[in-house]
Structures are given as structure tokens and as C-alpha cells.
Amino acid sequence: MSSSQKHILDKEIAFLKGVGPSRAAHLRTELHLKTYEDLLHHFPFRYVDKSQIVKIKQIESASVAIQIMGVFKRFQEMGEGKAKRLVGIFGDDTGDLEIIWFKGIKWIRENLKAGVPYLLYGKPAIFKGRYSLTHPEIESLEEARLTQGIELKPIYSTTEKLIRSGLTSHAMSRLTMAMLSEVSHLGEENIPLNIRQELQLMDRSEALRQVHIPSNMRSLEAARKRLKFEELFYLQLQLVRQKRLNTKDQPAVRFQKVGDYFNIFYKEYLPFELTQAQKRVVKEIRTDVGRGYHMSRLVQGDVGSGKTIVALLAALIAMDNDFQVCLMAPTEILAHQHYHGIAAMLDPLLQRFHEPNALALLTGSTSKARKNEIIQLLQNGTIKLLIGTHALIEPYVQFKNLGLVIIDEQHRFGVMQRAALWKKAALPPHVLVMTATPIPRTLAMTLYGDLDISVIDELPPGRKPIDTRWKGDQSRAALFGFLKQQIDLGRQIYIVYPLIEESEALDYKDLEDGYESISRAFPPPTYQISVVHGRMKSEHRDLEMARFIKGETHIMIATTVIEVGVNVPNASVMVIESAERFGLSQLHQLRGRVGRGAEQSYCILMCGHKMSEESKKRMQTMVETNDGFKIAEVDLEIRGPGDLSGTQQSGILNLKISDLSKDQLLLSQARESVLTLIDEDPELIHSDNHVITSYLRKLASKKSDLSRIS
Ligand code: ADP
Ligand code: MG
């Protein structure tokens, strides 16, 4: 870039014709736009097709924005207080149309002139059989002449304050065009030629121009594709480079061989045949730990996909190489379940090897004497696999030779806790994180760029999909009848109440009221009920849980404390009260507690009367699919990536043009390109890649949001 051009893009917007100090100040405070360059990157959020003008009488579909040419006739002010709105009547030779404004009323009043024709763009809505436009874009014919020949009119986001100072979307468009006419070269290319050719990406300067002044639909799409790719490419590049830096500094233990623990277990004691997906993931782990680099791997699998056995097989590989393993679970209940489940599979092998003490359990409630024994057996290497809770992080827990850390249900653990486990070995142990919170793969790549990802995308054979129903309160009597039938058939039932973190008291009251009405409908001694909630002492809670697991109680009334991992195959009905108050991924987690045995299982979503469109969509999605990844996609669509549980990081992604829920293909392509690039030229020294290093320098010098990610 020549220095004068560089200078031009750094110029302040205040110098642009028609801006001046007051508008410039508004642009800075409202939209953080300061320089030409900022304005250049303030992309339109949609476009209006100007190639057609619709007559008022022909308005039908409300799904797309249309263009109307109407003469402004008069205003009508309506409503009061919050419902206050301004209505304007426009007409063409076929009829009249109402335009409605809730905001910016003063400015509209001052600027629209009766008897003057205007072009209006907006999405028509229908109310009581009449069409109207709310907050349409309005352009005078004179203004329209300036944009003549432009088929697609860009619409920019603005704010009410900006509109009051005259900076409507249209004015923003004019400013941008003025800027574009002043600057011929819109910045250096930053994607290497080979990648642009391979993916047929428009060049940068052209894309930046086209995105503001598209010549036609095709070049607009090409421009947007290019700019999205660029954004995602640099996002991935920074994540991947960060990861390389981490692992390069950390020499890791190498699990060179696969020996008797693994092989004999696999041949003789594996209780079922692995699914293809499980085999693939085990292989990925095996390759990873054999390389001499540090492994940080996230295993994603829907509830019930069989992550435990994968973890166990990974543990056996570590044991074959004389390393110890610890498996950490988020709750006492889960730690117990893992211990008993794994003991059942592993004990025969350990007996055969005369190593009855190789497997142990350590939790907060382990007795002092046993604790001391465990510490000793860990240090002399007798214990090979230690299962436990947060207790494993305590400083007194010291291993002889820790080689692998497995963390189950990752979203309950923070980075700090991961780090604390690392400190327990001379070389950082390999880390395997198992999570049942499905995140669309591409999003996971973005958010966990520092972890490698394996996906178990297949359920063990023979699972029946859970029959999910969505009911209102009027169905309660029928529900109780159904539950009794199920109990008569020998099944067990969960009834879950929402946990309201801000108000434990309220949460508890919900559960208490529920308990009362349920124990009235299901009286002892015929029916036995367990109750589990967060306010109980953990011994008491475990006791209640244990009664349910053993089949001594028929109904388990609980708050979401039972959400993760619990496995009671005989429980075949999950009732979720006030289901509309749960997020999708949480509903799916809860539902995953049933459907673990051979019986047909049910999930009943009990909802209140008042439901938002969004909660209806959540219920509908639950009814329609059992697939955790599909559910995660819908969740992503509804809430955006910033709200997905455990993905708070995404809040700082601050993407300008890409949409992670829609641009997943591009995201994968960007990631592929980055991985190939880094494999071929890790230090980015090849001359073809100078465009990248100089752009990275620019990003760093601007201390942009993007560089904060890593
Ligand atoms: P999750 O992925 O939710 O942790 P688990 O590891 O608890 O799932 O497995 C769920 C159930 O499926 C367990 O009872 C387990 O024994 C069983 N299972 C796992 N893999 C297979 C398989 N390949 N074939 C049959 N059953 C399996
Ligand atoms: Mg599990």
C-alpha cells in the first residue's frame, strides 16, 4: 500500500463531506466508527432488491422486503405512553398504505413532506386484513436518482440517536459512497493467492467495494463470501497458532506401545462390540498419545453414545506404558457410578494380573484411613487408575507417574482445575475431556481451537428413540394415570423441577409444592418417592439417589442436580416441570437420563400457558428429534453462540459479517486452509505468505478485538 493511500484509510470520518464534528462524534460513540477504514468495515446487514417496484394493491407476501413508490399524504399520531406511535398514510394509483413508526418520530415529522413521492423499502406485515410497513427505509426520488442503476440497496444498522442527527441508513450509505469515491484502493490483499484461487475468492479491495455497492446479486454473494472467509480464516489462524505455541513448549510423555492391559481386555473382557464411531475415536486417541506431543483432546458424544468405554480404553493404553491415570467426575454420584461401572468391567482382568488394588475411588467422603492408604498406593505405583471428584485436585494427592488425565462432563470444570491436575506430574499428562454438551462441530472448532476434537456420532445399536410429548397443565390427571401404569410395569420415573439460581427459595418451593401433590397422588406404602435437591447434605442426597438406583423407590423428584451422567437403566420416564424455563441443551441432557434400558422410554415436557415463540420452538424441537447435534444447531440458531452453555468465550468473537450458525461450511474451509498453511509453512516465512504476516502485524498494532481471542 502506498503511504498516501494508507493515510487515506486512516483519515477521520469528520473530514468526509457532510459529516462535521457533531455527526462524527455521534458515529464514534454510537457505532465506534472513527476512521474511513472503520466506515469501510461497517457492512450493510441486508439489501433491498430495487429492480422491482410493487404496487400497493399487489402486496401479498410478508416474508421479503419490497419496494413501493408512494406519495406521502398525512400523519396520524396514535396510542399513548409506550404504545405511542406515528402513522403515515402513503398512496399510489392502486390504493393507500399505512407506515408505522415507534421511534424517531420527531425526525420523521420534520422531514416527510405531504404531496411528495418517496420510495419505501420494508417488509410488509398484515394486521386485521390490512398491510402496513413498520420503520421502512425511505428515500426521496432525488436521492433515488443518486443510486440509480443500483439494483441492490444496502441497509446499514444505525441507532436512534444517529437517526435524530440525520444519519439514517440511507445517509450512511451516502457517506460510504462518498468515501469509496475518494479512495481507489481499499487495502492490501491478506489471503494468499493459492487459497483465493482454490476457493475462488474475490480479491479484497473488490469485495470491500461490492459489499457496499453491489453490481448484482452474484457479485454481492461473492463479496460476502470473501469477507466472511477472511474473518473466519484469521480467527482460526490465531487459535491454531496459539495451540501450536502451547504444544511446542511442552514435551510430552509418549505411549509407545499397546500392551496386555489393552489387548487382553479388548479381546476377552469387552462387554460389547464397539460402534464404528467408538473405534474411530479410540484410534484417534491412540495415534495422538503415541506421537510425543502433548494431547489435549475433547471427546464429544451425545448422551448414551458410550464415552465411558472410550475413556477406559485410553486409560489401558496409558497403563500399558507404565503410566497412571486419573478420571475426574463433576459429582460424587457420578464418580461412584464410574467407579462401579469400570470395576465391573476391569476387575476380572485385574484379578488375572494379581493387581486387585490397581483401581481406586477417592471422593470427599472417602474415610481418612482409606485416604491415607490411597495416597501410599498412589505413590508406590500400585494404583494405576484413580477415579474421583474434585478431591483429586487436592495437593495431598500425589502420583508416582501420572500420564493421562480424563475429565468427564467438562462444562462443570474450569480451566484452573485442568491446570491444577497438570501440576501433578513432571511432564504435563495427556488430557482427555469428555463432554455430553453437543456443540456443532464447526462451532466447537472455533471455541475450542486449543483442543483437538473427536466426535462419537453414533449410538450403540438397539436404542429406541425416546418418545417425547409436550403437555399443558390440563393433562396432569392423565399424566398421573400414565405414570401409575408405568410403575405397574415395573419402571421408575424422574420428575424434575427447574433450578432457579437467583432464587433458591423459590426453586425449593416449586419442588416442595410438587412433592406434596405427587405424594398425595402416589401415597405410600404402594408408592415410594426419593427427593434430591441442592440444599440437601451430600450424604443424604447420595442415600436418596442410592435408593432410587437400587430400585427401592419408584419416583425420583429432583432439581437439575441429576442432570449429568446418572445412569439408571430401569428409569424410563422423565417428566420435566415448567419445561419452558429450561434451555434446549439442558432439556436434552435431562431427557438423556432415560432411554438407557431395553424398554420404550418417554419424556414429558410440562409447560405453563404463557409461552414465548422461542419456548414453543424449543419444545417442538425436543418433540421432533432425539439428535443432540441437531438440537445444538437449533439452540445455536435461537440463542446465538454467545449463550451456549460452556461457551462464554464466544462472547468476545465479535464477528462482523459471518454467522456461525449459517456459515459452517465456510468455517470448515477456513479451518482446512489454515491447517494446511500451518503444516506447510509453520513460521509463515514463505514469500507467498507475507500478506498474512503483514496483516497479522496490522491487527496486533490495532489491538483489535480479534487479537484478544488467543
Ligand atoms: P455416555 O456417553 O452418556 O457417557 P455411557 O458411556 O454411560 O454413555 O454409555 C451408555 C450405555 O451404553 C452404558 O450402559 C454402556 O454400557 C452402553 N454402551 C456403550 N457402548 C456400547 C456399545 N458399543 N454397544 C452396546 N452398548 C454400549
Ligand atoms: Mg457419561
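The values are calculated or read from the model by the stated rules, or taken from the named source; none is laboratory data. Values in this document were obtained by computation on a predicted structure and should not be read as measured data. Every residue, glycine among them, receives a Cβ derived from its backbone with ideal geometry; neighbour counts consider all protein chains shown.
Can you give me the number of residues within the stretch 258-268 that are outside any helix (DSSP H, G or I) and over 10 Å from ASP322 (Cβ atoms)?
Here the count works out to 1.
Within the group GLU599, GLU552, which residue is surrounded by fewer than 24 Cβ atoms within 10 Å (Cβ to Cβ), out of contact with any Gly (no Cβ under 7 Å at 6 or more places or on another chain) and over 17 Å from VAL531 (Cβ atoms)?
Result of the check over GLU599, GLU552: GLU599.
Listed residues GLU516, GLU544; which is free of Cβ contacts under 8 Å to residues at least 24 places away in the same chain, more than 16 Å from ligand 1 (Cβ to nearest atom) and surrounded by 15 or more Cβ atoms within 10 Å (Cβ to Cβ)?
GLU544
Residues VAL303, VAL289: which one is within 16 Å of ligand 2 (Cβ to nearest atom) and either closer than 29 Å to PRO461 by Cβ or in contact (Cβ under 8 Å) with a residue 60 or more places away in the chain (or both)?
Sole residue among the options that is within 16 Å of ligand 2 (Cβ to nearest atom) and either closer than 29 Å to PRO461 by Cβ or in contact (Cβ under 8 Å) with a residue 60 or more places away in the chain (or both): VAL303.
From GLU139, GLU110, GLU151, GLU160, grab the single residue that is exposed (fewer than 14 other Cβ atoms within 10 Å of the Cβ), of a type in the set (Asp, Glu) and either in contact with a helix residue (DSSP H, G or I) (Cβ under 7 Å, 6 or more places away or on another chain) or at pLDDT below 80 (or both).
GLU160
Against the definition (closer than 24 Å to ALA425 by Cβ, surrounded by fewer than 18 Cβ atoms within 10 Å (Cβ to Cβ) and away from ligand 1 (no atom under 13 Å from the Cβ)), how does ASN321 come out, yes or no?
No; evaluated as a whole, the condition is false for this residue.
Go through the residues of the stretch 330-342 one by one and say whether even a single one is surrounded by fewer than 20 Cβ atoms within 10 Å (Cβ to Cβ), within 16 Å of ligand 2 (Cβ to nearest atom) and either assigned to a helix (DSSP H, G or I) or of a type in the set (S, T, N, Q) (or both).
Scanning the stretch 330-342, I find at least one residue that is surrounded by fewer than 20 Cβ atoms within 10 Å (Cβ to Cβ), within 16 Å of ligand 2 (Cβ to nearest atom) and either assigned to a helix (DSSP H, G or I) or of a type in the set (S, T, N, Q) (or both), so the answer is yes.
Can you find, within the stretch 30-60, the residue that is nearest to MET177 (Cα to Cα) among those that are without any contact (Cβ under 8 Å) to a residue 40 or more places away in the chain and of a type in the set (S, T, N, Q)?
Only one residue fits best here, namely THR35.
Quick one: which helices (runs of 4 or more DSSP H) lie wholly within the stretch 143-218 and hold at least 1 residues that are out of contact with any Asp or Glu (no Cβ under 7 Å at 6 or more places or on another chain) and among the hydroxyl-bearing types (Ser, Thr, Tyr)?
Answer list for the stretch 143-218: 169-182, 204-212.
Only one of (1) in a loop (DSSP other than H, G, I, E, B); (2) within 16 Å of ligand 1 (Cβ to nearest atom); (3) over 22 Å from the mean Cα position of the chain (by Cα) fails for ALA311. Which number is that?
For ALA311, the failing item is (1).
ARG224 fails exactly one of the following numbered conditions: (1) buried (at least 21 other Cβ atoms within 10 Å of the Cβ); (2) assigned to a loop (DSSP other than H, G, I, E, B); (3) touching a residue at least 60 places away in the same chain (Cβ under 8 Å). What is the number of that condition?
(2)
Condition check: outside the structural domain of ILE8 (by TED's automatic domain parsing) and crowded, with 22+ Cβ neighbours inside 10 Å. Does MET179 satisfy that?
When the stated conditions are applied, MET179 passes them.
For LEU232, indicate whether it is over 31 Å from the mean Cα position of the chain (by Cα), of a type in the set (A, V, I, L, M, F, W, C), modelled with pLDDT under 95 and within 23 Å of LEU699 (Cβ to Cβ).
When the stated conditions are applied, LEU232 does not pass them.
Just wondering, is there one or more residues in the stretch 263-272 that are farther than 30 Å from SER365 by Cβ and within 12 Å of ligand 1 (Cβ to nearest atom)?
Within the stretch 263-272, one or more residues are farther than 30 Å from SER365 by Cβ and within 12 Å of ligand 1 (Cβ to nearest atom).
Answer yes or no: is there a residue in the stretch 345-359 that is part of a helix (DSSP H, G or I) and either within 14 Å of ligand 1 (Cβ to nearest atom) or surrounded by 21 or more Cβ atoms within 10 Å (Cβ to Cβ) (or both).
Looking through the stretch 345-359, at least one residue is part of a helix (DSSP H, G or I) and either within 14 Å of ligand 1 (Cβ to nearest atom) or surrounded by 21 or more Cβ atoms within 10 Å (Cβ to Cβ) (or both).
Is it fair to say LEU146 is modelled with pLDDT of 85 or more and touching a helix residue (DSSP H, G or I) at 6+ places or on another chain (Cβ under 9 Å)?
no
Here is a check on your reading of the model: is LEU298 assigned by TED's automatic domain parsing to the domain that holds LYS384, within 14 Å of ligand 1 (Cβ to nearest atom), of a type outside the set (Ser, Thr, Tyr) and closer than 22 Å to ASP457 by Cα?
yes
What is the residue count in the stretch 559-577 for residues that are at pLDDT below 90 and either away from ligand 2 (no atom under 16 Å from the Cβ) or not acidic (Asp, Glu) (or both)?
Residues in the stretch 559-577 being at pLDDT below 90 and either away from ligand 2 (no atom under 16 Å from the Cβ) or not acidic (Asp, Glu) (or both): 10 in total.
Mind listing whichever residues of the stretch 306-324 are within 16 Å of ligand 2 (Cβ to nearest atom) and touching a helix residue (DSSP H, G or I) at 6+ places or on another chain (Cβ under 8 Å)?
Result: GLY306, THR308, ILE309, VAL310, LEU312, LEU313, ALA314.
Test of understanding: among SER572, SER585, SER615, which residue is touching a residue at least 12 places away in the same chain (Cβ under 8 Å) and either assigned to a strand (DSSP E or B) or outside the structural domain of VAL496 (by TED's automatic domain parsing) (or both)?
Being touching a residue at least 12 places away in the same chain (Cβ under 8 Å) and either assigned to a strand (DSSP E or B) or outside the structural domain of VAL496 (by TED's automatic domain parsing) (or both) holds for just one of SER572, SER585, SER615, which is SER572.
From the list GLU539, GLU580, exactly one residue is more than 16 Å from ligand 2 (Cβ to nearest atom) and touching a strand residue (DSSP E or B) at 6+ places or on another chain (Cβ under 8 Å). Which is it?
Of the residues listed, the single one that is more than 16 Å from ligand 2 (Cβ to nearest atom) and touching a strand residue (DSSP E or B) at 6+ places or on another chain (Cβ under 8 Å) is GLU580.
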